[in-house]
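> Let me give you the structure first, and then I'll get to my questions.
The values are calculated or read from the model by the stated rules, or taken from the named source; none is laboratory data. Values in this document were obtained by computation on a predicted structure and should not be read as measured data. For neighbour counting, all protein chains shown are included, and Cβ atoms are generated from backbone atoms with ideal geometry for every residue, glycine included. Heads up: the accessible areas ignore ligands, DNA and RNA and are worked out on the full protein's heavy atoms, side chains in. Shrake-Rupley method; radii C 1.70, N 1.55, O 1.52, S 1.80 Å.
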Amino acid sequence: MRRFSWFNATALTAGFAFLYIPMIILVIYSFNESRLVTVWAGFSTHWYGELFRDQAFLDAAWVTLRVAFVSSTIATILGTMAAYVLVRGGKFMGRTLFSGMIYAPLVMPEVITGLSLLLLFISIGLDRGIFTIILAHTTFSMCYVSVVVSSRLVSFDRSVEEAALDLGCTPFDAFRSVTLPLIAPAVIAGWLLAFTLSLDDLVIASFTAGPSATTLPIKIFSSVRLGVSPEINALSTILILIVTIGVISASLVSKRRIVQQQRDEQMAEQAQQ
Amino acid sequence: MNLARRTLIGIPYLWLLLLFLVPFGIIFKISLSDYAVSIPPYTPTLDLSEGWQGIRGFFAALDWENYVFLTEDDLYWRAYLSSLKIAVISTFLTLLVGYPIAYGMAKSAPEWRPMLMMLVILPFWTSFLIRVYAWIGILSNEGYLNQLLLWTGIISDPLQIMNTPTAVYIGIVYTYLPFMILPIYATLERMDDSLLEAAEDLGCSRLSAFWIITLPLSRSGIIAGSFLVFIPALGEFVIPSLLGGSSTLMIGKVLWEEFFSNRDWPVASAVAIILLLILVIPIILFQKNQEKNQEADA
């Protein structure tokens, strides 16, 4: 029985319109000729040129990319280790505290995380800059990575790992040649999540950056506070475009992998018959 | 326990201890200190060179003065209460907007669902800041919404939405909507449609079948989604400061200003500790709900 009704169609149309219209308007007005963002004065790519000539924006973008790349890479390694410990590690002293420290940062208000890290850096006398932002971002994004990876670790069949160990693999070899390939999609997803979270973060970066380093969100925030500007629209459009391409291609890749997997399973079944 | 296992547990453990747990101890310590015109701007600081005397003097100088100050100045009370109010109302609004979308997704043809899922997740990957920024252009006095309403003749004077709590509600609903849709969708998708068919065969109307069957069965999704919106909304900073203007009081903004504008670190720390205490209850409830769901799945 089909339960798709007019109500559902309206809910979906209205819902997705609400989600997407603000962003579509943002993109359209990035091609506006006028400096006044809310008044349409003709098509122009003027503001994109302006954006790429703005050295402050380019510097901030470069800082942000470096921070995101380094912090998400360390966070992925630490987060995968933490997930492995939580799912496969068995009992050890302070396990409850450990899992609490993994889940708490996910729901902690950013202002508190930011303030606490800043006070730590000040009290141990660490100069604030790119390095401290990396430390801060690594800390909260490793928790996200750990959650993503552990859900994958829970779901797959443990017997393959045990088989490898029975056949004489060392635990490290078993991890590298059996576990890691199986959790690889989750590890990659975790890295991407950590990377995006770092690119996106304003509050924690503002606390931990100090006066010497400026990230893109800090730069955007300070200019947006003064009101709308066409340069920010142009920058937003570029960021939205990158995310859209990324998400669509990721979903295509995962779709192809599911199809491939189904085909493999079918072939395996046929071979058995 | 061998060395490899110890390293595997030890490295992430130490990292979180040093960069997550220890900082909370430091916040707590500084919340008991006093404001001072110095670098760092609080007193006392621990001076180990004076030995035991220094440590005793340090602890003697800590007191609860900042917490007393928070109860005396009604700015802070009003900020906590207004944050709670804004978080509760916007969680409810997000539920009202999100539930029909999740419902529509769960009832759509299975081949559509991955695409709809992607459309919900896409905004989540897009910069939070940009999604809030998009509303400034829409809601401001000369913004697109007012232009549209003036042009159609519905209103004759521009509506003041920007810099009011309404703008904050819109901002929170818009940015947190995926967090509400996804858990509700997950519970609705698992639901067995034959229950509804049975109810209708037994003479239930569609609407009452929804109230009696669908809504209770999606309860765990509603609870999870509500916590996922409520908890971060309570400490929200970006949305009230960009859309709320000076008329909206939220504790995240108060903490930020106490720290960056007034440079009063001890009071900012005390504000953070109280906020944390308020959040402990919903966080524990949320975790209980998640554990119950996991048990139900197993």
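> What helices (runs of 4 or more DSSP H), lying completely within segment A:132-251, carry at least 2 residues that are crowded, with 19+ Cβ neighbours inside 10 Å and under 16 Å from the mean Cα position of the chain (by Cα)?
In segment A:132-251, the matching helices (runs of 4 or more DSSP H) lie at A:180-200, A:203-209, A:216-224.
> Could you say whether any residue in segment B:262-272 is among the acidic types (Asp, Glu) and part of a helix (DSSP H, G or I)?
No.
> Let me ask something else about it. Every residue in segment B:74-122 that is small (Gly, Ala, Ser) and surrounded by 14 or more Cβ atoms within 10 Å (Cβ to Cβ), please.
Scanning segment B:74-122 gives B:ALA79, B:SER82, B:SER83, B:ALA87, B:SER90, B:GLY98, B:ALA102, B:GLY104, B:ALA106, B:SER108.
> Please list, ordered by first then second residue, the pairs with beta carbon atoms under 6 Å, 6 or more apart or interchain, first in segment A:113-132 and within 15 Å of B:TYR42 (Cβ to Cβ), second open to solvent by 10 Å² or more (accessible area, probe 1.4 Å) and among the aromatic types (Phe, Trp, Tyr).
Once the first residue is within 15 Å of B:TYR42 (Cβ to Cβ) and sits in segment A:113-132, its partners that are open to solvent by 10 Å² or more (accessible area, probe 1.4 Å) and among the aromatic types (Phe, Trp, Tyr) give A:SER116/B:PHE24.
> Also: Of everything in segment A:23-47, what is surrounded by 13 or more Cβ atoms within 10 Å (Cβ to Cβ), away from chain B (no Cβ under 12 Å) and touching an Asp or Glu at 6+ places or on another chain (Cβ under 9 Å)? Give them in sequence order.
A:SER44, A:HIS46, A:TRP47
> Now for a separate question. Tell me, yes or no, whether segment A:62-83 has at least one residue that is open to solvent by 30 Å² or more (accessible area, probe 1.4 Å), under 29 Å from A:THR138 (Cβ atoms), more than 8 Å from every other protein chain (Cβ to nearest Cβ) and part of a loop (DSSP other than H, G, I, E, B).
In the first step, residues of segment A:62-83 are kept if they are open to solvent by 30 Å² or more (accessible area, probe 1.4 Å); the result is A:62, A:65-66, A:69-70, A:73-74, A:77, A:81.
Okay, now just the ones that are also under 29 Å from A:THR138 (Cβ atoms), so A:62, A:65-66, A:69-70, A:73-74, A:77, A:81.
Among the residues that remain, those that are also more than 8 Å from every other protein chain (Cβ to nearest Cβ) are: A:62, A:65-66, A:69-70, A:73-74, A:77.
Filter again for part of a loop (DSSP other than H, G, I, E, B), leaving none.
Scanning segment A:62-83, I find no residue that is open to solvent by 30 Å² or more (accessible area, probe 1.4 Å), under 29 Å from A:THR138 (Cβ atoms), more than 8 Å from every other protein chain (Cβ to nearest Cβ) and part of a loop (DSSP other than H, G, I, E, B), so the answer is no.
> Residues to consider are B:VAL280, B:VAL238; find the one that is buried (at least 21 other Cβ atoms within 10 Å of the Cβ) and either more than 19 Å from B:LEU182 (Cβ to Cβ) or within 19 Å of the chain's Cα centre (by Cα) (or both). Spell out the reasoning first.
Values: B:VAL280 fails: buried (at least 21 other Cβ atoms within 10 Å of the Cβ).
Answer to the check: B:VAL238.
> Which one is nearest to A:ALA9 (Cα to Cα), of the residues in segment B:106-126 that are part of a loop (DSSP other than H, G, I, E, B) and not acidic (Asp, Glu)?
First, pick out the residues of segment B:106-126 that are part of a loop (DSSP other than H, G, I, E, B): B:108-112, B:126.
Pick out the ones that are also not acidic (Asp, Glu) and you get B:108-110, B:112, B:126.
Values: B:SER108: 9, B:ALA109: 12, B:PRO110: 15, B:TRP112: 12, B:THR126: 25 Å.
It comes out as B:SER108.
> Now for a different question. Condition test on B:VAL97, is it more than 14 Å from every other protein chain (Cβ to nearest Cβ) and in contact (Cβ under 8 Å) with a residue 24 or more places away in the chain? Lay out the reasoning, then the answer.
Working: more than 14 Å from every other protein chain (Cβ to nearest Cβ): no; in contact (Cβ under 8 Å) with a residue 24 or more places away in the chain: yes.
So B:VAL97 does not fit the description; no.
> If you don't mind, there's one more thing I want to ask. Residues that are among the aliphatic types (A, V, I, L, M), in contact (Cβ under 8 Å) with a residue 12 or more places away in the chain and within 14 Å of chain B (Cβ to nearest Cβ): does segment A:7-22 have at least one?
Just the residues of segment A:7-22 that are among the aliphatic types (A, V, I, L, M), to begin with: A:9, A:11-12, A:14, A:17, A:19, A:21.
In the following step, the residues that additionally are in contact (Cβ under 8 Å) with a residue 12 or more places away in the chain were identified as none.
Within segment A:7-22, none of the residues are among the aliphatic types (A, V, I, L, M), in contact (Cβ under 8 Å) with a residue 12 or more places away in the chain and within 14 Å of chain B (Cβ to nearest Cβ).
> Give the residues of segment B:127-164 that are in a loop (DSSP other than H, G, I, E, B) and of a type outside the set (A, V, I, L, M, F, W, C), sorted by residue number.
B:SER127, B:SER140, B:ASN141, B:GLU142, B:GLY143, B:GLY153, B:SER156, B:ASP157, B:PRO158, B:GLN160, B:ASN163, B:THR164 - these are the residues of segment B:127-164 that are in a loop (DSSP other than H, G, I, E, B) and of a type outside the set (A, V, I, L, M, F, W, C).
Every residue, every condition in (1) basic (Lys, Arg); (2) farther than 30 Å from B:GLY245 by Cβ, yes or no:
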residue: B:THR71; (1), (2): no, no
residue: B:TRP77; (1), (2): no, no
residue: B:TYR80; (1), (2): no, no
residue: B:ILE86; (1), (2): no, no
residue: B:THR91; (1), (2): no, no
residue: B:ALA102; (1), (2): no, yes
residue: B:LYS107; (1), (2): yes, yes
residue: B:GLU111; (1), (2): no, yes
residue: B:MET118; (1), (2): no, yes
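> From the list A:ALA271, A:ALA184, A:ALA250, pick out the single residue that is among the aliphatic types (A, V, I, L, M), at pLDDT 85 or above and more than 27 Å from B:LEU139 (Cα to Cα).
Selected residue: A:ALA184, the only one of A:ALA271, A:ALA184, A:ALA250 that is among the aliphatic types (A, V, I, L, M), at pLDDT 85 or above and more than 27 Å from B:LEU139 (Cα to Cα).
> A follow-up question, please. Answer yes or no: is there a residue in segment A:46-54 that is more than 28 Å from B:TYR176 (Cα to Cα), assigned to a loop (DSSP other than H, G, I, E, B) and out of contact with any Lys or Arg (no Cβ under 9 Å at 6 or more places or on another chain).
Yes, there is a match, as at least one residue in segment A:46-54 is more than 28 Å from B:TYR176 (Cα to Cα), assigned to a loop (DSSP other than H, G, I, E, B) and out of contact with any Lys or Arg (no Cβ under 9 Å at 6 or more places or on another chain).
> Hey, another quick one. Could you please find all residues in segment A:84-99 being free of Cβ contacts under 8 Å to residues at least 24 places away in the same chain and either at the interface with another protein chain (Cβ under 9 Å from one of its Cβ atoms) or not polar (S, T, N, Q) (or both)?
A:VAL85, A:GLY89, A:GLY90, A:LYS91, A:PHE92, A:MET93, A:GLY94, A:ARG95, A:LEU97, A:PHE98
> Right, here's the next one. Name every residue in segment B:273-298 that is of a type in the set (Gly, Ala, Ser) and assigned to a helix (DSSP H, G or I), in order of residue number.
Correct list: B:ALA296 only.
> Please note which helices (runs of 4 or more DSSP H) are completely contained in segment B:190-256 and include at least 3 residues that are closer than 29 Å to B:LYS107 by Cα and more than 11 Å from every other protein chain (Cβ to nearest Cβ).
Counting at least 3 such residues, we get B:193-201, B:219-234.
> A further question on this structure: Out of B:TYR176, B:TYR185, report the one residue that is under 20 Å from A:SER5 (Cβ atoms), at pLDDT 90 or above and part of a helix (DSSP H, G or I).
Exactly one of B:TYR176, B:TYR185 is under 20 Å from A:SER5 (Cβ atoms), at pLDDT 90 or above and part of a helix (DSSP H, G or I), namely B:TYR185.
> Considering only residues that are within 13 Å of another protein chain (Cβ to nearest Cβ) and farther than 20 Å from A:VAL224 by Cα, look in segment B:152-181 and name the one that is surrounded by the fewest Cβ atoms within 10 Å (Cβ to Cβ).
The extreme case among them is B:PRO158.
> Which residue pairs have Cβ atoms under 7 Å apart, sit 6 or more places apart or on different chains, and have a first residue in segment B:14-29 that is within 8 Å of chain A (Cβ to nearest Cβ) and of a type in the set (Ser, Thr, Tyr) and a second that is in a helix (DSSP H, G or I) and exposed (fewer than 14 other Cβ atoms within 10 Å of the Cβ)?
That search, which allows pairs on different chains as well, returns nothing.
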